[in-house]
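Heads up: the structure comes next, in structure tokens.
No value in this document is a laboratory result; all are computed from the given coordinates. These numbers come from a predicted model, not from an experiment. Because the Cβ atoms are built from the backbone with ideal geometry, glycine has one as well, and the counts that use them run over all protein chains shown.
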Amino acid sequence: MSFTFTPENIKTIAKLKTRYPKPQALSLPCLWMAQYQEGFISIDAIDVIAEVTETPAMEIYRVATFYSMFHLQPITKKRVMVCKTLSCKLCGSEEILAHLSKREDVLVEEVECLGSCGSAPVMQIDDLYYEDLTTQKVDAVLEQL
């Protein structure tokens, strides 16, 4: 296997193991660590996580593909996730999506609720949320990246 966790991540995993009753509960934290470490989750990382969590690799793969925040391939463009649920649609997310789709420098994804309905429409880039969006605000955010 070509993936190995960093020594710091190995220490974090050891600490987390003491907090959870079963190693399988470490699946999500390990997926996050692998993604932050490498920028995406490789098949080799899935195999290592399966070993660490005593879980079949296919189950780790299912978890990684279920959640939109995990990437199984390197991302070459800035990933912009736009909420597609009702509150955001009512507040203009379709206009935001149409505006973003014209840009070639971003990878636009429609995702389920980002949990910020009171400040819709919302987009997420990396770990940051951008709320109360207009097309002008979107352009301003992307220019700063």
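Across the alpha-carbon set of segment 78-144, the Rg to Rh ratio works out to 0.91, Rh being the Kirkwood radius. In the frame of its principal axes, the chain has Cα extents of 46, 29, 25 Å, reported largest first. For the chain, CYS30, CYS91, CYS113, CYS117 have no disulfide-compatible partner, since no other Cys C-beta lies under 4.7 Å from theirs. Simple rule: put +1 on each Lys or Arg Cβ and -1 on each Asp or Glu Cβ in segment 7-66, find the dipole, and look at VAL63, ILE41, LEU26; the Cα lying farthest toward the positive end is LEU26.
Using alpha-carbon pairs under 8 Å, 6+ residues apart, how would you state the relative contact order of the chain in percent? All intermediate terms of the calculation are to be shown ahead of the outcome.
Details: 182 pairs, mean separation 25.6, N = 145.
With pairs under 8 Å counted, the relative contact order is 18 percent.
Of the peptides 33-41, 116-124, 56-64, the order by per-residue mean of other Cβ atoms within 10 Å, starting with the highest, comes out as 116-124, 33-41, 56-64. Just the Kirkwood number for segment 7-66, please: inverse of mean 1/r across all distinct Cα pairs, in Å, one decimal. The answer is 11.3 Å.
Counting only DSSP H runs of at least 4 residues, each contributing -39500 (n - 2.57), and dividing by the residue count of the chain, the helix-based mean residue ellipticity at 222 nm comes to -14000 deg cm²/dmol. Pairs of Lys residues in the chain, spaced 8 or more positions apart or belonging to different chains, with C-alpha separations under 17 angstrom: 5 in total.
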